[in-house]
Amino acid sequence: PAFISFMTIMVSYQLVWSQNVKKNTIEIEHPYIIKPFSGAKAAAAYLIIRNHDDEEFNLLQVSTTIGSAMLHETTTTKEGIVKMEHLMKVDIPAGDELIMQPGGIHVMIMGISRPLIVGEKIPAKLKFSNGLEMDIEFTVQEHKKHSDLQTKSKHEH
C-alpha cells in the first residue's frame, strides 16, 4: 500500500509539472500558481511560453476566473529594495521562450476571495499580439522555500 501511495503521488506530481498546451506556433508549459498564504488576496502565477514562429510576438493580457491578473516583473534596486513593476506586454522573441519564475516576470492575480486548494485547476485565458488567444489551466502548488531568498528584503509595489 505504501508503494502504491508513493507512485500515485509521483504520477500526480509529474502530471502537474508536465502540462503542455500548444496552439499554432505557441507552446505553453507548466502553468502554475503558488498557493497564497492563508488570508492572502493575491497570488503569483508562472508558466513557460515558447515561440516556435520566426517572428516575435507579445503576451498582452492574462485573465483568470479567480481575480484580476496583471503582468509584473520583480526587480531589485541598488539599495536592495525589491519592487514589482507592472508590464503592459511581455516580449517572446522569435524561436525563443519566456520563462516566468519567482524573482522575475510573473502573473500577479489580485482580488482572490477564496482559499486556493493545492492541485486545483484555475482556468485562464492568454491574449497575444498576433491575435491568438489560448485557454489554459494554472495548477495550484504548495509554496516552496528557497534557501537563496532574502527574507529581510523590503518589498514595494
Can Leu98 be described as part of a strand (DSSP E or B), of a type in the set (A, V, I, L, M, F, W, C), in contact with a Pro (Cβ under 6 Å, 6 or more places away or on another chain) and closer than 20 Å to Ile26 by Cα? no
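Filter region 77-98 down to the residues that are of a type in the set (A, V, I, L, M), out of contact with any Phe, Trp or Tyr (no Cβ under 8 Å at 6 or more places or on another chain) and closer than 30 Å to Asp54 by Cβ and list them by number. I'd like the intermediate steps shown before the answer.
Step one: of region 77-98, the residues of a type in the set (A, V, I, L, M) are 81-82, 84, 87-88, 90, 92, 94, 98.
Of the ones still in play, those that are also out of contact with any Phe, Trp or Tyr (no Cβ under 8 Å at 6 or more places or on another chain) are 81-82, 84, 87-88, 90, 94, 98.
Answer for region 77-98, where residues must be of a type in the set (A, V, I, L, M), out of contact with any Phe, Trp or Tyr (no Cβ under 8 Å at 6 or more places or on another chain) and closer than 30 Å to Asp54 by Cβ: Leu87, Met88, Val90, Ala94, Leu98.
Is it the case that region 22-33 has a residue that's open to solvent by less than 70 Å² (accessible area, probe 1.4 Å), within 14 Å of Thr139 (Cβ to Cβ) and modelled with pLDDT under 90?
First, the residues of region 22-33 that are open to solvent by less than 70 Å² (accessible area, probe 1.4 Å): 25-33.
Applying the additional criterion that residues be within 14 Å of Thr139 (Cβ to Cβ) yields 28-33.
Applying the additional criterion that residues be modelled with pLDDT under 90 yields none.
For region 22-33, residues open to solvent by less than 70 Å² (accessible area, probe 1.4 Å), within 14 Å of Thr139 (Cβ to Cβ) and modelled with pLDDT under 90: absent.
Within region 34-48, take every residue that is touching a residue at least 60 places away in the same chain (Cβ under 8 Å) and closer than 17 Å to Met134 by Cβ and give me the one that is surrounded by the fewest Cβ atoms within 10 Å (Cβ to Cβ).
Just the residues of region 34-48 that are touching a residue at least 60 places away in the same chain (Cβ under 8 Å), to begin with: 34-38, 40-47.
Narrowing further to those that are closer than 17 Å to Met134 by Cβ: 45-47.
Details: Ala45: 22, Tyr46: 19, Leu47: 24.
Among them, the one singled out is Tyr46.
Report the residue count in region 111-133 for those that are of a type outside the set (Lys, Arg) and either surrounded by fewer than 18 Cβ atoms within 10 Å (Cβ to Cβ) or on the phi > 0 side of the Ramachandran plot (or both).
At the first step, the residues of region 111-133 found to be of a type outside the set (Lys, Arg) are 111-113, 115-120, 122-124, 126, 128-133.
Filter again for either surrounded by fewer than 18 Cβ atoms within 10 Å (Cβ to Cβ) or on the phi > 0 side of the Ramachandran plot (or both), leaving 111, 113, 115, 117-120, 123, 129-133.
Qualifying residue count for the region: 13.
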Close pairs from region 49-68: first open to solvent by less than 40 Å² (accessible area, probe 1.4 Å), partner of a type in the set (Ser, Thr, Tyr) and in a loop (DSSP other than H, G, I, E, B), Cβ under 9 Å, at least 6 apart: Asn51/Thr25; Phe57/Thr25; Phe57/Ser129; Asn58/Ser129; Leu59/Ser129; Ile66/Ser113; Gly67/Ser113
For region 71-87, indicate whether the set of residues that are touching a residue at least 24 places away in the same chain (Cβ under 8 Å), open to solvent by 60 Å² or more (accessible area, probe 1.4 Å) and closer than 17 Å to Val140 by Cβ is non-empty. no
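The values are calculated or read from the model by the stated rules, or taken from the named source; none is laboratory data. Since the model is a prediction, treat every value here as computed from it, not as a measurement. Neighbour counts are summed over all protein chains in view; Cβ atoms, including those assigned to glycine, are modelled from backbone coordinates with ideal geometry. Quick note on the areas: whole protein, heavy atoms, side chains included, nothing else; ligands and nucleic acids left out. Shrake-Rupley method; radii C 1.70, N 1.55, O 1.52, S 1.80 Å.
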